[in-house]
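Structure record follows, encoded as structure tokens.
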Amino acid sequence: MIPTILEPFSVAFMARALWAGVVLSALCALVGVWVIARGMTFLGEAMGHAMLPGVAVAALTGVDLIVGAAASAVVMVLGVESMRTHRDFGRDTSIGLLFVGLLAVGVIIVSHSSSFATDLTGFLFGDVLAVDDGDLVRLCVLVAAVLAVTTLSYRGFLAVTFDVRKARTLGLRPTATNLLMVLTLAVAMAGAFSVVGTLLAFGMLVAPSASALLIVRRVPAAMLMAFGFGALATFVGLLVSWHRATAAGATIAATAVVLFFLTLTLRAIGRAVLRRARGIADPTT
């Protein structure tokens, strides 16, 4: 039975897709836990959409699409950070305005270029089955870079996530640390775009990390578990895509979301059983 299940991965493009998804899971786990813990979910979603103009310009000029996506995401980050402390409106307002503005610019560029007629779906939803060895190498480089940043900045990231005032007391420069964290998010989103597209990158960034944080609270353990959830979503999603002829990237992202709700349900059931067991054990309650 196991050889039958693994049979699709004997095909070269499926094997590469699996490896790409696993490496992507590591990348998203390193960043997604911080996103959930810091309440930056809306920024992550907006960044995924705001990458479109960078991708469009990169495609028209022959530049690597990941570079274009990262450049657009960095513009989004710098814009949000520059208006973060503005007195007249909140951070969510600046995120929303920049998100809509960048997305609109992307749509305008796409609408004026006939070369996007067949490529737009790929930009939005990705094509994990078309990943080549070069894409895998780039993803591995991104993982190494993000891992290095996370390791070297772990203390600062932890402080600004849970106690900004303590971070200032310790002299950790929370403003610079926050900017570094958001820039790391931009890099991760650009890497995720290359596998599952701009609109589905957000799902792989958030869903596995959200699932992990339902089970554990320590950041390193949550990152490791988020990687496991992401890798499982990739494996199951690719199998379903192969046997049901569905879009691979979308199926992977949907599987990650399904795993989150399954984890949420199982946790609720476990808590109910535990409460019931405690009530039986203590008849005075």
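Miscellaneous remarks
- Under the span-like rule (Cα at least 24 Å along the axis, Kyte-Doolittle mean at least 0.5), DSSP H helices of the chain: 12-38, 65-82, 91-111, 133-152, 174-196, 219-244, 248-281
- Across the stretch 14-273, C-alpha contacts under 8 Å between residues 6 or more apart give a mean separation that, scaled by the residue count, equals a relative contact order of 30 percent.
- Each peptide in 40-49, 60-69, 254-263 gets a packing score, the mean of other Cβ atoms within 10 Å over its residues, and the list from highest to lowest is 40-49, 254-263, 60-69.
- Alpha carbon convex hull of the stretch 14-273, projected area averaged over orientations, nm²: 15.2
- A helix-only calculation puts the chain at -26500 deg cm²/dmol for mean residue ellipticity at 222 nm, using -39500 (n - 2.57) for each DSSP H run of at least four residues, averaged over all residues.
- Percent carbon-and-sulfur accessible area, the chain, ignoring ligands, DNA and RNA, probe 1.4 Å: 68
- Computed label-point distance, nm, for sites residue 176 and residue 133 using a 7 Å Cα→Cβ extension: 4.1
- Solvent-accessible surface of the chain, averaged per residue with a 1.4 angstrom probe and all protein chains in place: 50 square angstrom.
- Treating r as the C-beta distance of residue 107 and residue 246 and R0 as 25 Å, the FRET efficiency rounds to 0.45.
The values are calculated or read from the model by the stated rules, or taken from the named source; none is laboratory data. Not measured: the values here are computed from a predicted model. Reconstructed Cβ throughout: ideal geometry from the backbone, glycine too, with neighbour counts over all protein chains shown. Surface areas here come from the heavy atoms of the whole protein model, side chains and all, with no ligands, DNA or RNA. Shrake-Rupley method; radii C 1.70, N 1.55, O 1.52, S 1.80 Å.
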